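A.B. asks: I am attaching a structure below and will ask some questions about it afterwards.
The values are calculated or read from the model by the stated rules, or taken from the named source; none is laboratory data. Keep in mind that what you see is a predicted model, and the values were worked out from it rather than measured. Because the Cβ atoms are built from the backbone with ideal geometry, glycine has one as well, and the counts that use them run over all protein chains shown.
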Amino acid sequence: MYDELIIYDIRPTDSWINNVATGTFPSGSGVERRLDKFRHVFPNTTKQWNRTQYAGCLGTPCDKSENVIGWGSDRITYYLEEQSWATPLLCFDQLMHVTHAEEQFEQIITDILRPATSAIQSTFLRKRTLLHAGKKLTANSTLDPFTFVFTAVGDEEIFFDCSVPPANVFMLTPQMLQRQFTPLMLEGYAGKNPFKETAPYIELVTDIDTCWFLDKLGAGQGVGGTPSISGNWRFTQWDAANAFWRYGYSGQIGNFMVRVDEMGLRFNFVLDRGAGAAPNRYRYQVILPYVNVVTGGAGGDPGLGSEVNDAFISSNFAISFITHKRGLTALMADSRPINPEMPFSSRNWAGRWQFVLDNLGADSNGNVIENKRRNKGQFIADFKQAIRPEYTKFMVAYFHRREPNCIINVPPCQVQSGYPTQSYNSEPDPCPPEA
C-alpha cells in the first residue's frame with residue numbers, strides 16, 4: 001500500500017517577468033529592426049549676453065548675432081533571439097500503471113514546466129538588462145566602468161569574463177547608489193518635473209543579503225571603517241494600505257524602492273586568463289540557485305530533483321541593478337496566419353508548454369518514432385523574442401561583492417554557574433511505618 005499523502009517540493013518564483021514591459025515583434029518584418037532615438041540638445045548657456053543698442057549708426061540692431069543650437073538622433077538595431085525546450089518522450093501504456101500518475105503529472109505541469117518558463121525568461125531578462133544598461137559600474141570608490149562577455153562552453157554560458165580583477169571589487173554601499181541619483185534625474189528617470197511634490201524614488205534590484213547590508217550601514221553601524229550615514233537611509237516596510245509589495249517590492253531604503261531578487265546573477269572568481277585575453281581577462285563562473293541531483297525514483301526508476309545550491313548562497317560576486325519600467329521592452333514574436341488558405345499551426349513564442357503527438361524525432365538508434373496508436377508524446381515550449389532597448393540610460397548595473405550576513409560569536413556576560421547538585425524527584429516521601 002502507498003500512503004495517500006504526497007510531499008511536493010516548494011520552490012519560489014521570481015518577479016522579473018512582471019517588472020519588464022512586453023509587446024509584440026510584428027511578423028513580416030524580418031529578424032531585426034532599427035529604432036531611432038531623437039536626442040535632446042542642451043543650449044550653450046555660457047554664451048555672453050550683449051547690451052542692447054538703439055542709437056543710429058551703432059552696431060546692427062536689425063541683424064542679430066545668433067547663437068546656434070542643433071539636433072541629432074541615434075539609430076539602434078535590435079533582433080530576435082530564440083530557445084526551444086522539450087521533455088523526455090512519454091508513453092501512455094507505461095504511465096497508466098504508475099502509482100500516483102495523475103498527481104505526478106499535475107505537479108510536473110504546475111510546479112516544474114510553468115515555473116521553468118519563468119526561470120528561463122527571467123534569466124534572459126537579467127542578462128539583457130545587464131547588456132543594455134547605460135552604465136556598468138564596479139563597486140569601488142571610483143565606480144570604474146567594466147566590460148564583460150558571457151563565454152559559452154558548448155551551448156552553455158557558464159563563464160562571465162570581465163575586465164575587473166576581484167581585488168578591485170567591493171561591497172555595495174549607499175553612497176555608490178546615491179552617487180547615481182542626480183545623474184539619473186538629469187537623464188529624465190523621474191520625468192520632466194521630478195521634484196514637483198517630493199523627492200522621487202529609484203528602483204533597486206538586489207539580493208536580500210545586500211539589502212540587509214545596506215540597511216546596516218544606514219543604521220549607524222559602520223563596517224570595516226566605512227562611515228555610516230544619516231538615519232534617513234533606513235529600511236522601511238509598507239503596510240497593507242500601500243500596495244507596492246504586490247509588485248515584488250520589499251520595502252524602501254532612502255529614496256530607493258527595493259525589489260529583492262533571490263535568483264539574480266551571481267558568480268565566483270575562477271582565474272586570471274592572462275593579458276592575451278584582454279580586455280575581459282578575469283574569469284568568473286556563473287552560479288545558479290539550484291543543482292539537480294538523481295532521485296530514488298518511484299518504483300525504482302531514477303529521476304531528477306533540485307536542491308538548493310550552497311555555492312549560490314555563499315557566492316562572492318553579484319550584479320545588482322537600478323532599473324526602470326521604460327528601460328527596455330521584451331517583444332514576443334507574432335505568428336499570425338500569413339493567409340487564410342494556409343492554416344499553419346498557431347505558435348506561442350512566450351514559453352507556453354504544449355503536448356505534442358506527431359513528428360517526435362528519432363529514438364536512440366536513429367529510427368523514426370512512429371505513433372500510429374497515439375500513445376506517445378512530449379511537452380515542448382518555444383521562446384522567440386527581441387529586446388528593444390529604449391531608455392537604457394535609466395538602467396545602471398553594479399558588479400559588487402556579496403556574502404551572507406557575518407555570524408559573530410557573542411559570549412555570555414555572567415560567570416559560569418558551575419555544576420550544583422540537582423534533584424528533580426517528583427515522588428512524595430513514603431508514609432512512616434505503622435507502630
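A.B. asks: Determine if the stretch 16-23 includes at least one residue that is closer than 30 Å to T117 by Cβ, modelled with pLDDT of 75 or more and in a loop (DSSP other than H, G, I, E, B). Don't jump to the end; show me each part of the working.
C.D. replies: Of the stretch 16-23, the ones closer than 30 Å to T117 by Cβ are 16-23.
Imposing the further condition that a residue be modelled with pLDDT of 75 or more reduces the set to 16-23.
Then keep just the ones that are in a loop (DSSP other than H, G, I, E, B); that gives 16, 20.
Within the stretch 16-23, one or more residues are closer than 30 Å to T117 by Cβ, modelled with pLDDT of 75 or more and in a loop (DSSP other than H, G, I, E, B).
A.B. asks: Residues A167, A133, A139: which one is of a type in the set (G, A, S), within 14 Å of R401 (Cα to Cα) and surrounded by 19 or more Cβ atoms within 10 Å (Cβ to Cβ)? If you could, list the steps in order and put the result at the bottom.
C.D. replies: Numbers: A167 fails: surrounded by 19 or more Cβ atoms within 10 Å (Cβ to Cβ); A133 fails: within 14 Å of R401 (Cα to Cα).
After applying the criteria, what remains is A139.
A.B. asks: Now for a different question. Within the stretch 306-326, which residues are in contact (Cβ under 8 Å) with a residue 60 or more places away in the chain and closer than 25 Å to V164 by Cα? Reasoning before the result, please.
C.D. replies: Filtering the stretch 306-326 down to residues in contact (Cβ under 8 Å) with a residue 60 or more places away in the chain leaves 306, 313-326.
Result: I313, S314, S315, N316, F317, A318, I319, S320, F321, I322, T323.
A.B. asks: Against the condition touching a helix residue (DSSP H, G or I) at 6+ places or on another chain (Cβ under 7 Å), in contact (Cβ under 8 Å) with a residue 40 or more places away in the chain and over 16 Å from F379 (Cα atoms), how does A139 come out, does it pass?
C.D. replies: Numbers: touching a helix residue (DSSP H, G or I) at 6+ places or on another chain (Cβ under 7 Å): yes; in contact (Cβ under 8 Å) with a residue 40 or more places away in the chain: yes; over 16 Å from F379 (Cα atoms): yes.
Taking the combined requirement at face value, the residue satisfies it.
A.B. asks: Restricting to the stretch 266-291, count the residues that are of a type in the set (D, E, K, R) and surrounded by fewer than 16 Cβ atoms within 10 Å (Cβ to Cβ).
C.D. replies: Within the stretch 266-291, the subset of a type in the set (D, E, K, R) is 266, 272-273, 281, 283.
Imposing the further condition that a residue be surrounded by fewer than 16 Cβ atoms within 10 Å (Cβ to Cβ) reduces the set to 272-273.
The number of residues fulfilling the criteria is 2.
A.B. asks: Just for the stretch 327-362: of the residues that are among the β-branched types (V, I, T) and more than 30 Å from D161 (Cα to Cα), which one is surrounded by the fewest Cβ atoms within 10 Å (Cβ to Cβ)? Step through it out loud before you land on a result.
C.D. replies: Keep residues of the stretch 327-362 that are among the β-branched types (V, I, T), which gives 329, 338, 356.
After this cut, where a residue has to be more than 30 Å from D161 (Cα to Cα) as well, the list is 338, 356.
Values: I338: 10, V356: 14.
In this case the residue turns out to be I338.
A.B. asks: To continue, here is another question. For the list (1) at pLDDT 75 or above; (2) surrounded by 17 or more Cβ atoms within 10 Å (Cβ to Cβ); (3) part of a loop (DSSP other than H, G, I, E, B), I need the number of the one condition that W233 fails.
C.D. replies: Here W233 meets the rest and fails (1).
A.B. asks: If you check I109, I10, which single one turns out to be surrounded by fewer than 10 Cβ atoms within 10 Å (Cβ to Cβ) and out of contact with any strand residue (DSSP E or B) (no Cβ under 7 Å at 6 or more places or on another chain)? Please lay out each step first, then the result.
C.D. replies: On the way: I109 fails: surrounded by fewer than 10 Cβ atoms within 10 Å (Cβ to Cβ).
None of the other options fit; the residue is I10.
A.B. asks: Right, another one. Those residues that are in a strand (DSSP E or B) and closer than 17 Å to K127 by Cα, I need them from the stretch 280-294; list them, please. Outline the logic, then answer.
C.D. replies: Within the stretch 280-294, the first condition is being in a strand (DSSP E or B), and the residues that meet it are 282-287, 290-294.
Residues satisfying the conditions are R283, Y284, Q285, V286, I287.
A.B. asks: If we keep just the residues of the stretch 197-211 that are at pLDDT 90 or above and under 17 Å from Q180 (Cβ atoms), which is surrounded by the fewest Cβ atoms within 10 Å (Cβ to Cβ)?
C.D. replies: Residue satisfying both the conditions and the ranking: E203.
A.B. asks: Can I ask one more? Would you be able to say whether some residue in the stretch 59-74 is within 17 Å of G303 (Cβ to Cβ) and either in contact (Cβ under 8 Å) with a residue 12 or more places away in the chain or under 41 Å from the mean Cα position of the chain (by Cα) (or both)?
C.D. replies: No, there is no match, as no residue in the stretch 59-74 is within 17 Å of G303 (Cβ to Cβ) and either in contact (Cβ under 8 Å) with a residue 12 or more places away in the chain or under 41 Å from the mean Cα position of the chain (by Cα) (or both).
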